[in-house]
Amino acid sequence: MTIKTPEIESSKNDGDIELSLPLQQDLTDWQTGHEFTVVGKPHSRLEGAEKVTGRAQYSADVRLSGQLYGAVLRCPHPHAKLISIDTSEAEALPGVHAVISQNDQFDIDWYSEEAPLFSDQLRFVGDEVAAVAAVSTEVAADALRLIKVNYEPLPFVTDMDQALADDAPAIHDGDNRVEEDSEYERGDCAAGLQQADITVENEYRTQTALHTALEAHGATAHWSGDELIVYESTQGVHAIHGLLCEKLGLPMNKVRVIEQHMGGGFGAKQTLWKPTLFAALLSRKAGRPVQLLLDREGENLATGNRNSTLQQVKLGASNDGKLTAIKMTCRINAGAYATAGEASNVAGIFQHLYHCENVKTSQVRVYTNTGPAVAFRAPGYVEACFALESAMDELAHKLEIDPLELRRINYTGRDQTGDKPWSSPDGLKTCYERLDEEFGWSQRKAPSSEGSIRRGYGLAAHEWMAGMGNPPAAVFIKLNTDGSADVVTGTQDIGTGTRTVLAQVAAEAIGLPMESVRLLLGDTAIGGVAPVSQGSFTVPTLAPAVRGAGENLRRQILEAAALLLETDATTLEIKDGEIVSTEGKHKSLTVADVCDELAPQSLQAHGSRRANPTDTTIRPFGALAAEVAVDTQTGEITVIRIVNAPDCGRILNSKTANSQVIGGVTQGIGFALTEERMVDHNIGLVLNADLEEYKIPTVADIPTITHAEVNLPDLNANNTGAKGLGELPLIPAAPAILNAIFDATGLRFTQLPINRARVLAALQAQQETAE
Amino acid sequence: MSDNSPTSGKQLVTMTVNGEQTEVAIEPRRVLLDVLRHDVGLTGSKKVCEMGDCGACTVHLDGAPVYSCLVLGIECAGKKVDTIEGLAKGNQLDPIQQAFIDHDAFQCGFCTSGQIMSLKALFEDSPKPSDEQIVTAVSGNLCRCGAYQNIVKAAQAVRDEAKPETRNDD
């Protein structure tokens, strides 16, 4: 038998699917009442066995013949001029194969300020001064100690408030503002405040937090002839590919970036950092592969952080709880440089979450002599949600309106900045319902006191500016001659379950069982361009393209099957790898049989992601409630239980979705209670650039966390109805916990994190006021 | 060799790694973690903090869990070292490993080797540990993805020998 493989016209390849046959199962079947066999199921991760056996190869595990090990020399001063650097002794040390520094005069710019790769202006403790490659990590460390650097320390400022003082040292040219204030106003905020029956006003501070991915930044770089191969720990293999080509002046077909597994990123690995380029430059100089992975100190000092903020918030409302005005002014600590990647949007949630005609926001980034900030899981929104939702809780308390009811009173189904509907106008409303059901918010007990222990409840709501997906994405599926399928994508699995979820979508769309699908990703040489895994983009970007390719392939299989069965393709479908009639009758023919008949020819199909709709704004939402206990004797805060109801559209895999929720909430508990990068502003040094004193949550700190599934397919968003989930659960955790602390103790904290010392101090102040 | 370098030559050290007698030539300053990752070629134990804070490098030394970043290789002469790579028999997973998959007790997987080795040590000591013992056993193993709740569930499932909540094939 011969069959002409349908041609895919590139001009028709920008949509979901071009069907030549009027098949019954078309895109609408994913919209209503479709019985899924694979999608939505709690499938275990495809890479599970690799990860639990220690066989999964991370970038740090790459071992190439003759591989050298790199290390980075960092500036010990918060602000300094590099007068001279002498690397000769380091270069002479046996086992050292390459040293790079300012002396190499690379013509490569870095950061948005276009500072040179090796600058003589050093602007934070940890700024890179030199890098070495040696036969072992130990010899590399020895070599760093032999580099002689002459620094001229300069006046510095590490505190954001002080950085705006008239006499503050200039970190770059100008007044330490990164840019002009970003202003937004709709309606008349001043008038809205004027007409309010009640206002609440507070200044909120959020801390600098560290991503703390367990796998540090870094790469293994290897020049194979004139081709550079980089094994990188990254959230975006294609982004790294493009940036490496740009920085090194190489054509894209001479650079390949590979990553099969990565040990966490959380935003900090969404762009190219110096260590990867150092590995490439050292490798070129040494003529051998170089692996350069940061140590924990370098990781904590110089590869990004969640910017601290100072937010002044004022809400006005009428006595019935309706918001008449929202005003927010914010300063953001950018650190010493403005990095690439997602911007920290603090203002967004104030503009979007609640119905309000009069809104005014203003935000500005400020330079300080500290490590540069970079997006950290829902950048801006985590910081802002704490302030807005604390203020809303205060408003509810003053108006004696239930906090959940206050949020319902101020509900909006529209994007008020673009004047168009949300893609799921009832999404947040449904989150409120699910939260109420699972947490029992309406039935909760009054805050209680038993001995020194006080218990209380709090909640917070949010939206998230991303999670809509970010085209383009191109997917290619080849059907093997035994009826199994390889799905080739250009995305990466950063631990979120991308590999598994996309395989489910492919299996569903083609009609194959999961075990017949292999999902390929993480290699720029095989997969088409896909966005960085940031902004909860990956699933809503890739899944529609995977589905499109899968449906294309299914159509081809059915056309071939119809020829074999001498019937009309419209009477056939594929279930679990078998050709059946649309009534479900067996045809004694499998996909493998069809492939066998076609061999040595084989089928293949493409799919790509269309643009997002313009008549609606795609948004995910969420709500979270917490129960906490506060010991008024010790100041200890115990989070007892948390329920989170995120609207991420259709849930494609309930198991990995649950993990995103418990993981995000766990990070939120750290942000609320323990995590803070400490800087001694007198000497400009970071005091906790390690995992000993930078406290992330442990297993002992975690309450019962429940994912209240909303699972509301967003049919306006894309052809799978799925939106992003990854960032959502972290956003509302801190304010809900803080609001519960208020409910328990009457203490309103406006600064994060809240630790024992701050609780005890506040309790003492409360007692003194009462006396 | 430079005076600044504390390398005083390599020593031959023999240890039993995952049941196999293994001879390595290592500098006295090289920690067990690096011996395993670089000299033996077993990269399942992960390097994260290098100061005993995170537990990602947990292995068993003569049957007891240790942070391999805090043990010198030369201190392991004549000793028995067991790593994550020795847990499965071929492709037959240890029940803890299977439970981690079934209960999704990891996301990125970078801490997973250490978590499993800490629990393996617990189960070898007490096959029916209490919930508190489970939490204590992994309280020195950080997980930034925040899979703790599922790590505890996986351990409880091993203890209870219960069928997993969800099967791999459903």
Total residues in segment B:21-36, condition touching a helix residue (DSSP H, G or I) at 6+ places or on another chain (Cβ under 9 Å) and farther than 25 Å from A:L293 by Cβ: 0
Some residue of segment A:99-118 being open to solvent by 20 Å² or more (accessible area, probe 1.4 Å) and β-branched (V, I, T): no
Residues within segment A:613-634 that are under 29 Å from A:G649 (Cα atoms) and either in contact with a strand residue (DSSP E or B) (Cβ under 8 Å, 6 or more places away or on another chain) or open to solvent by less than 30 Å² (accessible area, probe 1.4 Å) (or both), tallied: 13
Lone unmet requirement of (1) touching a strand residue (DSSP E or B) at 6+ places or on another chain (Cβ under 7 Å); (2) of a type in the set (K, R); (3) within 11 Å of chain A (Cβ to nearest Cβ) for B:K46: (1)
Segment A:724-735, residues that are open to solvent by less than 10 Å² (accessible area, probe 1.4 Å) and either in the same structural domain as A:A543 (by TED's automatic domain parsing) or not in a helix (DSSP H, G or I) (or both): A:G724, A:I731, A:P732
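Give B:L36, B:L32, B:L72 a once-over and let me know the one that is open to solvent by 40 Å² or more (accessible area, probe 1.4 Å), aliphatic (A, V, I, L, M) and either over 30 Å from A:T656 (Cα atoms) or outside the structural domain of B:G146 (by TED's automatic domain parsing) (or both). Please lay out each step first, then the result.
Details: B:L36 fails: open to solvent by 40 Å² or more (accessible area, probe 1.4 Å); B:L32 fails: open to solvent by 40 Å² or more (accessible area, probe 1.4 Å).
Sole residue among the options that is open to solvent by 40 Å² or more (accessible area, probe 1.4 Å), aliphatic (A, V, I, L, M) and either over 30 Å from A:T656 (Cα atoms) or outside the structural domain of B:G146 (by TED's automatic domain parsing) (or both): B:L72.
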Filtered residue count, segment B:127-147, keeping only those that are within 13 Å of chain A (Cβ to nearest Cβ), of a type in the set (D, E, K, R) and surrounded by fewer than 24 Cβ atoms within 10 Å (Cβ to Cβ): 2
Strands (runs of 3 or more DSSP E) lying entirely in segment A:173-249 (those with 2 or more residues that are within 24 Å of A:K269 (Cα to Cα) and at pLDDT 95 or above): A:218-224, A:227-232
Top-ranked residue of segment A:657-683 - restricted to ones that are over 11 Å from A:H707 (Cβ atoms) and part of a helix (DSSP H, G or I), ranked as nearest to the other protein chains (Cβ to nearest Cβ): A:T666
Among (1) open to solvent by less than 80 Å² (accessible area, probe 1.4 Å); (2) closer than 30 Å to A:L93 by Cα, the one test that A:R145 misses: (1)
Residues that are assigned to a helix (DSSP H, G or I) and open to solvent by less than 10 Å² (accessible area, probe 1.4 Å), drawn from segment A:502-521: A:L502, A:A503, A:Q504, A:V505, A:A506, A:A507, A:A509, A:I510
Options B:A157, B:A99; residue that is more than 10 Å from chain A (Cβ to nearest Cβ), part of a helix (DSSP H, G or I) and open to solvent by less than 20 Å² (accessible area, probe 1.4 Å): B:A157
Pair list, Cβ under 9 Å, 6 or more apart: segment B:11-37 residue more than 16 Å from B:P65 (Cα to Cα), other residue open to solvent by less than 10 Å² (accessible area, probe 1.4 Å) and part of a loop (DSSP other than H, G, I, E, B): B:R37/B:G44; B:R37/B:S45; B:R37/B:K46; B:R37/B:C57
Residues located in segment A:476-497, provided they are buried (at least 24 other Cβ atoms within 10 Å of the Cβ) and not in a strand (DSSP E or B): A:T489, A:G490, A:T491, A:Q492, A:D493, A:I494, A:G495, A:T496, A:G497
Count of residues meeting criterion [more than 21 Å from A:V505 (Cα to Cα) and in a helix (DSSP H, G or I)] in segment A:560-593: 10
Selection status of B:N150, at pLDDT below 95, at the interface with chain A (Cβ under 8 Å from one of its Cβ atoms) and open to solvent by 10 Å² or more (accessible area, probe 1.4 Å): no
For A:N719: the one exception among (1) open to solvent by 10 Å² or more (accessible area, probe 1.4 Å); (2) touching a strand residue (DSSP E or B) at 6+ places or on another chain (Cβ under 6 Å): (2)
Residue check for A:D647: closer than 30 Å to A:R547 by Cα and open to solvent by 10 Å² or more (accessible area, probe 1.4 Å): no
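Yes/no per residue for (1) touching a Lys or Arg at 6+ places or on another chain (Cβ under 8 Å); (2) on the phi > 0 side of the Ramachandran plot:
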position: B:G73; (1), (2): yes, no
position: B:A77; (1), (2): no, no
position: B:V81; (1), (2): no, no
position: B:A88; (1), (2): no, no
position: B:N91; (1), (2): no, no
position: B:Q97; (1), (2): no, no
position: B:D104; (1), (2): yes, yes
position: B:C111; (1), (2): yes, no
Breaking point among (1) away from chain A (no Cβ under 11 Å); (2) under 30 Å from A:L64 (Cβ atoms); (3) touching a Pro at 6+ places or on another chain (Cβ under 7 Å), for B:M117: (1)
Given (1) over 24 Å from A:R408 (Cβ atoms); (2) surrounded by fewer than 24 Cβ atoms within 10 Å (Cβ to Cβ), index of the condition A:V346 fails: (2)
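Applying the selection to segment A:686-727, what residues are among the aliphatic types (A, V, I, L, M) and away from chain B (no Cβ under 14 Å)?
Matches in segment A:686-727: A:V686, A:L687, A:A708, A:V710, A:L712, A:L715, A:A717, A:A722.
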Residue pairs meeting the criteria (Cβ under 9 Å; at least 6 apart or on separate chains; first within 14 Å of chain B (Cβ to nearest Cβ) and touching a residue at least 24 places away in the same chain (Cβ under 8 Å), in segment A:145-157; second among the charged types (D, E, K, R) and not in a strand (DSSP E or B)): A:L146/A:E89; A:L146/A:E91; A:I147/A:E89; A:K148/A:E89
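The values are calculated or read from the model by the stated rules, or taken from the named source; none is laboratory data. These figures come from a predicted structure and were not determined experimentally. Neighbour counts are summed over all protein chains in view; Cβ atoms, including those assigned to glycine, are modelled from backbone coordinates with ideal geometry. Accessible surface areas use protein heavy atoms only, side chains included; no ligands, DNA or RNA. Shrake-Rupley method; radii C 1.70, N 1.55, O 1.52, S 1.80 Å.
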